[in-house]
Amino acid sequence: MGLIIGLDMCDAYTQLSCYEKDKTWTFPTIICRCKSEEGWYVGKEAYACNLVGDGILVDKLLNLVSREGTATIEGVKYEAIRLLELFMEQVLKIPKKEFEEEEIDQLVVTLPSITGKVMDSFLYCGDYLGIPREKVHIISHEESFVYYILNQKKEVWRNQVGLFDLSPDKFCYYELKVQRGLQKMMVVAESFDLEESFDLDILGTPSGTRLADKILCSCGERLLGHKLFSTIILSGKGFEKQDWSPEFMKLICRRRKVYAETALFSKGAAFRGADYLEKKEGDSFTCICEGRLKSTISMEIVYKGKKNQLVIAGAGENWYECRTSMDFILDDSKTVEFTITPLDPKQKRKIAISLKDFPDRPARTTKIQMKIGFLDESTMAVAIRDLGFGELFPASDAIVRQEVKL
């Protein structure tokens, strides 16, 4: 079996873990072109090359990709996607060399937040590196959190799980809860940036650590409150050591298990990669988090004389990978109606798309093609095209495109 790689990439740092391999790499998210060797370096080697004046650094690659920026190195302008390709190429050489394995069975990239533009960029990187698209996946930190936790013992997630992630560029809080008693177990994760973020450099002085400890205590009291938690996890560079925050540790250790795992997101992505490889997605639970749909979209159809609800996309599906194309024959309706069912079924509603500009024909003599995709987890894009009905009713140029807010 080839490598199953989980890659956590942020603007400040990148972490890499391999499924069932007891090693993780952490390095700065930077790339440098070496003048003397005309090669590319990443991480600490890039810093070293730059330090001796033999190269120019480019950092904050994710930000550069998201705004489609460029960087000029030695008079050559490089597009952000090209730099990302070169960065990924160098990064993936590390586990290949370590484990003497060239084949990558699954590559799961996890990001603090995801957009279609950034996800496209990583797929293009996969193309450049010769990794088939079905083996490349992009998920959110929230989803990595879910898969890391559910691959631990059940006592870890018997009640709610909280995660404090203290990294060089931000301070985030994540929360996970498992909802049982449904037909399928549902796992809901959410996160938000904390305004109380601070520069990790202050941990270098006694007064700075006291201030940081006080800030953490304030956050902990506000966020944990009287909720019932099984586990609190500490992640990120700021929690590589915990002895600088004694009062915060006392607070979170009350009647709870506390773990430190600085590579949680890359390890969670590797667990997710194993599930992709074994095609276990959706077998055991529904995952609701960033990057997943929070509503089920369906429509009423008649099949073999009986009315049925056809599910177009279900809550918990990855919106980016959820695309479909279907053909239907219209009855006597000039609309296509969707039912949107959020997690709270009381908020269920119907959305109708008008086909008033389609040619007038008798009932059941108009065939349509409907293509559905998603622009993000809360926006569905629909395109409906008139296919006519054989030689009797030739297809027209009529097409309706509409975005639907879920």
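The values are calculated or read from the model by the stated rules, or taken from the named source; none is laboratory data. For clarity, every value in this text was computed on a predicted model and none was experimentally measured. Glycine gets a Cβ as well: all are built from the backbone with ideal geometry, and neighbour counts include every protein chain shown. Side chains are part of the model used for accessible areas, which takes the heavy atoms of the whole protein and leaves out ligands, DNA and RNA. Shrake-Rupley method; radii C 1.70, N 1.55, O 1.52, S 1.80 Å.
Residue count for the range 121-131 satisfying the condition of being free of Cβ contacts under 8 Å to residues at least 40 places away in the same chain and in contact with a helix residue (DSSP H, G or I) (Cβ under 8 Å, 6 or more places away or on another chain): 4.
Could you check the range 186-228 and list, in sequence order, the residues that are aliphatic (A, V, I, L, M), open to solvent by 30 Å² or more (accessible area, probe 1.4 Å), over 20 Å from residue 241 (Cβ atoms) and in a helix (DSSP H, G or I)? Passing the criteria: none in range.
Residue count for the range 122-131 under the criterion of being of a type in the set (Gly, Ala, Ser) and open to solvent by less than 10 Å² (accessible area, probe 1.4 Å): the result is 1.
Comparison of 22, 11 shows that the only residue that is in a loop (DSSP other than H, G, I, E, B), surrounded by fewer than 23 Cβ atoms within 10 Å (Cβ to Cβ) and touching a Ser or Thr at 6+ places or on another chain (Cβ under 7 Å) is 11. If residue 113 satisfies every condition in (1) in a strand (DSSP E or B); (2) open to solvent by 60 Å² or more (accessible area, probe 1.4 Å) but one, which is the exception? All conditions are met except number (1).
Per this entry, residue 108 is counted among residues that are under 30 Å from residue 234 (Cα atoms), open to solvent by less than 60 Å² (accessible area, probe 1.4 Å), within 14 Å of the chain's Cα centre (by Cα) and aliphatic (A, V, I, L, M).
Write out, first by first residue and then by second, each pair whose Cβ atoms fall under 9 Å of each other, whose residues are 6+ apart or on separate chains, and whose first residue, in the range 154-182, is modelled with pLDDT under 90 while the second is exposed (fewer than 15 other Cβ atoms within 10 Å of the Cβ) and of a type in the set (A, V, I, L, M, F, W, C). Going by the 9 Å Cβ cut-off, the qualifying pairs are 179/185. Within the range 370-406, the set of residues being closer than 23 Å to residue 296 by Cβ, open to solvent by less than 50 Å² (accessible area, probe 1.4 Å) and part of a strand (DSSP E or B) comprises 370, 372, 373, 374, 379, 380, 381, 382, 383, 384, 400, 404.
For the range 159-185, the set of residues classified as in a strand (DSSP E or B), open to solvent by less than 30 Å² (accessible area, probe 1.4 Å) and not β-branched (Val, Ile, Thr) consists of 162, 163, 164, 165, 166, 171, 172, 173, 174, 175, 176, listed by residue number. Residue 262 satisfies every condition listed in (1) within 30 Å of residue 150 (Cβ to Cβ); (2) part of a strand (DSSP E or B); (3) among the β-branched types (Val, Ile, Thr) except (2). Here the condition is being farther than 26 Å from residue 359 by Cα, surrounded by 14 or more Cβ atoms within 10 Å (Cβ to Cβ) and touching a residue at least 60 places away in the same chain (Cβ under 8 Å); of 284, 266, it holds for 266 alone.
For the range 317-335, the count of residues that are touching a helix residue (DSSP H, G or I) at 6+ places or on another chain (Cβ under 9 Å) and touching a residue at least 60 places away in the same chain (Cβ under 8 Å) is nonzero. Among the residues of the range 48-83, those that are open to solvent by 30 Å² or more (accessible area, probe 1.4 Å) and either acidic (Asp, Glu) or assigned to a helix (DSSP H, G or I) (or both) comprise 48, 50, 51, 54, 59, 63, 66, 68, 74, 79, 81, 82. A count restricted to the range 123-137 and to residues that are touching a Leu at 6+ places or on another chain (Cβ under 8 Å), hydrophobic (A, V, I, L, M, F, W, C) and assigned to a helix (DSSP H, G or I) stands at 2. Exactly one residue out of 134, 101, 142 is in contact (Cβ under 8 Å) with a residue 12 or more places away in the chain, of a type outside the set (S, T, N, Q) and open to solvent by 20 Å² or more (accessible area, probe 1.4 Å), and it is 101.
From the residues in the range 287-316 that are in contact (Cβ under 8 Å) with a residue 60 or more places away in the chain and closer than 17 Å to residue 339 by Cα, which one is surrounded by the fewest Cβ atoms within 10 Å (Cβ to Cβ)? Here the residue is 294. Would you mind stating whether residue 41 is part of a helix (DSSP H, G or I), open to solvent by 20 Å² or more (accessible area, probe 1.4 Å) and farther than 17 Å from residue 128 by Cβ? So residue 41 does not fit the description; no.
When residue 156 is tested against (1) open to solvent by 50 Å² or more (accessible area, probe 1.4 Å); (2) over 27 Å from residue 88 (Cα atoms); (3) not aromatic (Phe, Trp, Tyr), exactly one condition is not met: (1). All told, residue 86 falls short of being among the hydrophobic types (A, V, I, L, M, F, W, C), more than 30 Å from residue 103 (Cβ to Cβ), at pLDDT 90 or above and surrounded by 15 or more Cβ atoms within 10 Å (Cβ to Cβ).
Scanning the range 243-259 for residues that are open to solvent by 10 Å² or more (accessible area, probe 1.4 Å) and assigned to a helix (DSSP H, G or I) yields 246, 247, 249, 250, 251.
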